[in-house]
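Shown next, in structure tokens, is the structure this report addresses.
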Amino acid sequence: TGRRRGRVARRDRERPAGMSEANPAMHRCGHVAIVGRPSVGKSTLVNRLVGQKLTITSSKPQTTRYRIVGILTEPGRQFVFVDTPGFQTLHRSRLNERMNRTVIDSLAGVDVAVLVVDGGRLTQVDRNVAALLPVGLPVVVAVNKVDTLADKKALLPVMAEIASLHEFAAIVPVSAEKGTQVNALKEEVGKLLPEAPPMYGADELTDRDERFLAAEFIREKIFRLLGAEVPYATAVGIDRFEHDGPVRRIFASVYVDRASQRAILLGAGGERMKSIGAAARRDLETLFGGRVYLEVWVRVKKGWADDEAALRRLGL
């Protein structure tokens, strides 16, 4: 853990040269919101920028439900990246309303925004997100997934349309998956950070604690290992989190809306849930740098996605 109890931190870096707290005017630091519609690769981009997996990813839209901070500290500057849920316009529930509110609230309190769009196409939802950008907020566009384009010339009309939507500081084609041009994107964002001392220690990676990350990594495996519908009807809560010497003992509950969904999650003889738990445990051991004992139960809680009290308990 880092300087703030329970946070995941770098273990292999000292404080970078050039980060002089005695001379904060020479240092740049700011919050950078990563925004866009679902499935454009926002979380993959945050993980790539920070250099470690902090925010969960899957091929399914709306994997990210929470505002998650990833911290990158370099000589003379600190980026505080804010990963946000994909802005949702198709399905209405209290859960989706809260996620959309998270996007809007995140934009209101940052120094720079990165609007992520898919290089293959621009949609009406992309335009809706661009319309949310506050006047006067510096914005860089990351045109993502360029590695998937057979003809790179197809980027030109997309970039021209993007440029017509807003007065952007820069437009950078990238591949978050491959790392292509991500450093160039970071440099464009770095130019826009305000002069300020660092907000976090040089060894800190996120403002989220280990309980939160454990719940998210379990939920990621549900999204990755199950079919199209069931993951959206699930939520994960941590019942107990015990750090006993070198071992972390984590007891979690997965909540579903219906008994039939519980049966799908468990699988024959509970084998599917065992696979989900084993995959989550391996990732958590890598993240925490130590042994993890993980026990997961599946519980039915009808209507949790529209239950205000349940959403509050789950941090939503």
_With a 1.4 Å probe and all protein chains left in place, how much of the accessible area of region 205-316 comes from carbon and sulfur atoms, in whole percent?_
50 percent
*From phi via Karplus (6.51, -1.76, 1.60), per-residue ³J(HN,Hα) for region 186-203 in Hz, x at Gly/Pro*: 4, 5, 5, 5, x, 5, 9, 5, x, 6, 6, x, x, 8, 10, x, 5, 9
*Counting only residues 5 or more places away or on other chains, whose amide H sits under 5 Å from the amide H of Tyr255 once H atoms are built in the peptide plane?*
Ala235, Val236, Gly237, Arg299
*Is the shape of region 159-316 best called rounded, prolate or oblate, per the rule: a/c under 1.5 gives rounded, else a/b larger than b/c gives prolate, else oblate, with a ≥ b ≥ c the square roots of the Cα gyration tensor eigenvalues?*
prolate
*Please give the net charge around Thr44, taking every other residue with its beta carbon less than 11 angstrom from that of Thr44, where Lys and Arg add +1 and Asp and Glu add -1.*
+3
*Taking H placed 1.01 Å from N in the peptide plane, check which residues at least 5 places from Leu294 or on another chain put their amide H under 5 Å from its amide H.*
Ile250
*Determine the alpha carbon to alpha carbon distance for each of Lys145/Lys302; Lys153/Lys221; Lys145/Lys301; Lys53/Lys191; Lys186/Lys301 and list only those over 31 Å.*
Lys145/Lys302; Lys153/Lys221; Lys145/Lys301; Lys186/Lys301
*Stretch Val300-Arg211 to full length: gain in nm at 0.36 nm per residue minus the Cα-Cα span?*
29.9 nm
*What accessible area per residue comes out for region 111-250, rounded to a whole number of Å², with a 1.4 Å probe?*
43 Å²
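The values are calculated or read from the model by the stated rules, or taken from the named source; none is laboratory data. Treat the numbers as computed from the prediction; the structure is a model and nothing was measured. Here the Cβ is made from the backbone with ideal geometry for all residues, glycine too, and neighbour counts use every protein chain on show. Please note that ligands, DNA and RNA were not included when accessible areas were found on the heavy atoms of the full protein model with its side chains. Shrake-Rupley method; radii C 1.70, N 1.55, O 1.52, S 1.80 Å.
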